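K.L.:
Mind having a look at this structure? Questions to follow.
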Amino acid sequence: MTPASPEHLSPAFSWDRIQLVVFDVDGTLYRQSTLRWRMAREMLVHAARSRSFTHIKVLSAYRRLREQLGEAEADGFEPILVERTAAASGTTPTRVRALVAEWMEERPLAHVARGRYPGLVELFRGLREQGREVGILSDYPVDAKLRELGLFSDHVVWAGQPDVAILKPHPRGLQRLMAAAGAAPSATVLIGDRVSRDGLAARRAGAHALIRSDKPQPGWITFRRFDDPLFAPLLKS
């Protein structure tokens, strides 16, 4: 695919009109396949040593049910997710929360920096130098990940906080970010890696969307790397 360049963009999109640049995290700021491979190896080693596959069973159910609740746009999804995961895996909600905290929030922190995409530090610096605000919109707790990635954001929203409590593609999280930044939808762009989540959340909020993808996504502006020509206007000194 030919990387997106300014002349290929929709006439409705121009960096000149963008005040708030919002980033998804998992799969957008770092290579998720790298983390998943390393975590899968850790989980298998733990299973062999403990002679228990409970953590694998619980986390597999958790991920599957989380996707379903995102598709259903379940309001107040977190307690529903924990209860359903406990029922599906034959364990307790307390055990589910503990395993999720350990294997999906704490242990991955050792690996995220290795998968950080090239060009992000320069891009974030360019945004700050141009006086644009940076937002983070994640389906998971994200503060610790940002520290490991060495990235700073002006505004952070994640799906589980009380004033959001719903997963993408519902636009509520993005709407909270725009309100915090005082940015109009037309002055906001959401950068993500999933049309079905990030792209639709942006579109429903009235904002722009840029999708990181190795393949064309009809109807969407896409890019492969953060040093593609698409981002050149943000990297000028």
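Throughout, read-outs are computed from the coordinates displayed, never taken from laboratory work. Bear in mind the structure is a predicted one, so any value in this text is a computation, not a measurement. When we count neighbours, we look across all protein chains shown, and the Cβ atoms used for this are built from the backbone with ideal geometry, even at glycine.
K.L.:
For GLU73 and GLN130, compute 0.36 nm times the residue count separating them, minus their Cα-Cα distance, and round to one decimal in nm.
P.N.:
16.9 nm
K.L.:
Using packing as a proxy for protection, rank 152-160, 183-191, 89-97 so that the peptide with the highest average count of other Cβ atoms within 10 Å comes first.
P.N.:
The peptides rank, most packed first, as 183-191, 152-160, 89-97.
K.L.:
What's the whole-number percent of alpha carbon pairs in the range 33-110 lying beyond 16 angstrom?
P.N.:
52
K.L.:
If the reach is capped at under 28 angstrom between alpha carbons, list the lysines near LYS168, excluding any in the same chain fewer than eight residues apart.
P.N.:
Once the sequence-local lysines are set aside, what remains near LYS168 is LYS57, LYS145, LYS215.
K.L.:
Right, next: Express in nm, to one decimal, how much length is gained between ASP214 and ARG107 on full extension, taking 0.36 nm for each residue of separation and deducting their alpha carbon distance. Walk me through the numbers before you get to the answer.
P.N.:
Details: separation 107, 0.36 × 107 = 38.52 nm, distance 2.83 nm.
The ASP214-ARG107 span can extend by a further 35.7 nm.
K.L.:
If you don't mind, there's one more thing I want to ask. For the range 86-237, what relative contact order do you get, as a whole percent, if you take Cα pairs closer than 8 Å and at least 6 residues apart?
P.N.:
For the range 86-237, the relative contact order is 19 percent.
K.L.:
In a shell of Cβ-Cβ distance under 13 Å around ARG225, excluding ARG225 itself, what net charge do Lys and Arg (+1) and Asp and Glu (-1) give?
P.N.:
That works out to -1.
K.L.:
Apply the Karplus curve 6.51 cos²θ - 1.76 cosθ + 1.60, θ = phi - 60°, to the phi angles in the range 102-113 and return the couplings in whole Hz, x for Gly and Pro.
P.N.:
6, 8, 10, 10, 8, 4, x, 4, 6, 10, 5, 4
K.L.:
Still on this structure, I have one more. Just want the ordering: LEU35, LEU44, from fewest to most Cβ atoms lying within 10 Å of their own Cβ.
P.N.:
Result, fewest neighbours first: LEU44, LEU35.
K.L.:
Now, a different point. Please compute the modelled spin-label separation between THR54 and VAL121, points set 7 Å along Cα→Cβ, answer in nm with one decimal.
P.N.:
Distance between label points: 4.2 nm.
K.L.:
Sticking with this structure for a sec: Using the Karplus curve 6.51 cos²θ - 1.76 cosθ + 1.60 with θ = phi - 60°, work out ³J(HN,Hα) for each residue of the range 226-233 in order, rounded to whole Hz, and write x for Gly and Pro.
P.N.:
7, 10, 5, x, 3, 9, 3, x
K.L.:
Can I ask one more? Identify all aspartates and glutamates with a Cα-Cα distance to LYS236 below 15 Å; exclude those on the same chain that are fewer than 8 residues away in sequence.
P.N.:
ASP16, GLU122, GLU129, ASP227, ASP228
K.L.:
If the viscosity is 0.692 mPa s and the temperature 37 °C, what translational diffusion coefficient in µm²/s does Stokes-Einstein give for the range 70-185 when Rh comes from Kirkwood over Cα pairs? Intermediate values should be presented prior to the final figure.
P.N.:
Numbers: Rh = 16.0 Å.
Taking Rh from Cα pairs, D becomes 205 µm²/s.
K.L.:
Within a Cβ distance under 11 Å of PHE23, other residues only, what is the Lys/Arg minus Asp/Glu net charge?
P.N.:
Here the charged neighbours net out to -3.
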